[in-house]
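Report on one structure; see the data block that follows.
The values are calculated or read from the model by the stated rules, or taken from the named source; none is laboratory data. No experiment lies behind these values; they were computed from the predicted model shown. Every residue, glycine as well, gets a Cβ built from its backbone with ideal geometry; the counts of neighbours run over all protein chains shown. Accessible surface areas use protein heavy atoms only, side chains included; no ligands, DNA or RNA. Shrake-Rupley method; radii C 1.70, N 1.55, O 1.52, S 1.80 Å.
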Amino acid sequence: MKKTGILIEMENSRVKETTLGMITLAARADADLYALVLDGVDDPACDILAQYGITKIVDLGLSSAPEIRLNPAVRAEAVTQAAQKLQLDVIFGLSSADGKDLIPRVAALLDVPLVMDCLDVDLKKNIARTSQYSGKVLADIQLSGDLLIFGIRPNAVQPVLSPAQAKKIKMASDSASLPGFALVSWDDGDRGQASLAEADIIIAGGRGLKNSDNFSLLFDCAKKMHAAVGASRVAVDEGWVPYAFQVGQTGEKVSPQVYIACGISGSIQHFAGMKTARMIIAVNKDENAAIMANCDYHVQGDLFEILTELIRQL
Ligand SMILES: Cc1cc2nc3c(=O)[nH]c(=O)nc-3n(C[C@H](O)[C@H](O)[C@H](O)COP(=O)(O)OP(=O)(O)OC[C@H]3O[C@@H](n4cnc5c(N)ncnc54)[C@H](O)[C@@H]3O)c2cc1C
């Protein structure tokens, strides 16, 4: 039975939904599931982890001081030490903003193979499925080694209950202060919305929005639908919204339940970031736009009229 460590991401003391999906993916194999928790875990969170199949909850007990807790080198060292002490065979983490910072550091410290942005992982064969060449092909990458690390795309797997009994283990790390690396300041980077990669619903705008003021239509819709707002690269390059909103080959890769593309033509590079959405809805005035042939539903017409009506209906 493989010992699989899962890097747990929390938000306001709650285990993120995307983390639960990652646990479900690991639970598909015959694995012993260790939750690796860096930011403290209370009893309700422990119960949730157990409901999804975690058998050991490892509290890595980082100091609550932000300059230590948020230091990526300290976090990576704590996970590295836990992986060695627990003799893990596999580590799963999310390919989220935090995961992209943490997981490659852990792989480098341990000098072990890593695949990021996995859509699926077969732990029996150690094969990771990833999207390559702007989503034109799916590649199955087989890893070998004593310890393998996989970064899982948020929302790639829907969480499924798999109740287990979980034991809590406290494991202090020796990484409280690493010489030569200090975090001197940090910025929460509040974008006024939930993380794009983790949103269940995304409503995105492109060149068709025409200017930054018109993005308020998307924000109004998003608020009513509990959605996040995304954008094409054109909208970002024009300065209408920050880069953090960009979806696509050179932006965020997302797998929401629903992706609503407004005034976006559906270039290959945009599709590379959202083609794994479970439902794609296009709003476009051009019936020949590429996105109209590559979506589940489309509404042909002027997006300003359609979004105004949508807001009214919502
Ligand atoms: C290396 C590389 C990387 C790239 N990475 C990315 C990336 O990560 N993400 C990305 O998005 N792009 C990326 N691009 C750019 C990409 O090729 C396209 O240029 C871009 O996606 C087009 O953005 P758009 O769909 O908003 O604009 P357009 O292609 O100009 O489409 C605008 C659409 O809006 C519609 N429209 C206009 N007015 C209205 C209206 N009133 N009502 C309804 N519909 C309307 C039009 O019919 C049209 O279909 C990349 C390009 C390169 C070369």
Charge context of ASP122, other residues only, Cβ under 11 angstrom, K/R +1, D/E -1 = +2
inquiry  = Restricting to DSSP H runs of at least four residues, report the calculated mean residue ellipticity at 222 nm for the chain, -39500 (n - 2.57) per run over all residues, nearest 500 deg cm²/dmol.
reply    = -8000 deg cm²/dmol
Antiparallel DSSP beta bridges within region 1-155, percent to nearest 5 = 35 percent
key: Dipole magnitude (debye, nearest 20) for region 204-250, charges at Cβ of Lys, Arg, Asp, Glu   = 120 debye
ask   = Looking at SER265, ALA197, GLY239, which one has the Cα that reaches farthest to the positive end of the dipole of region 196-313 (charges on Cβ: Lys, Arg +1; Asp, Glu -1)?
value = ALA197
task = Restrict the search to region 236-314; then list the GluC sites (Glu not before Pro) that DSSP places in a loop and that have at most 10 other Cβ atoms within 10 Å of their Cβ.
result = GLU287
ask   = region 230-303 to region 87-165: how many Å between their Cα centroids?
value = 26 Å
remark   = Rounded to the nearest 10 Å², the 1.4 Å probe accessible area of ASP296 is 90 Å²
message = Relative contact order of the chain, please, whole-number percent, based on alpha carbon pairs below 8 angstrom and at least 6 residues apart.
response = 16 percent
task = About the Cα centre of region 196-313, how large is the charge dipole given +1 on each Lys and Arg Cβ and -1 on each Asp and Glu Cβ? Please answer in debye to the nearest 20.
result = 180 debye
message = Counting only chymotrypsin sites (Phe, Trp or Tyr not before Pro) that sit in a DSSP loop (anything but H, G, I, E, B) with at most 13 other Cβ atoms within 10 Å, what is the longest stretch of the chain containing none of them?
response = 1-132
remark   = Long-range share for the chain, i.e. C-alpha pairs more than 37 Å apart as a percent of all pairs, stands at 21 percent
request  = Please turn the phi angles of region 86-94 into ³J(HN,Hα) values with the Karplus equation 6.51 cos²θ - 1.76 cosθ + 1.60 (θ = phi - 60°), one per residue in order, whole Hz, x for glycine and proline.
outcome  = 7, 6, 5, 9, 9, 10, 10, x, 7
task = Could you check what % of the DSSP bridge pairs in the chain are antiparallel, to the nearest 5?
result = 20 percent
message = What are the ³J(HN,Hα) couplings of region 29-35, residue after residue, when phi is run through the Karplus curve with 6.51, -1.76, 1.60 and θ = phi - 60°? Round to Hz, x for glycine and proline.
response = 8, 7, 10, 8, 9, 9, 7
ask   = How much accessible area per residue does the chain have, in Å², with a 1.4 Å probe?
value = 48 Å²
key: Longest segment of the chain lacking trypsin sites (Lys or Arg not before Pro) that sit in a DSSP loop with at most 13 other Cβ atoms within 10 Å   = 137-277
Only Lys, Arg (+1) and Asp, Glu (-1) charged, at Cβ; the chain dipole about Cα centre in debye = 600 debye
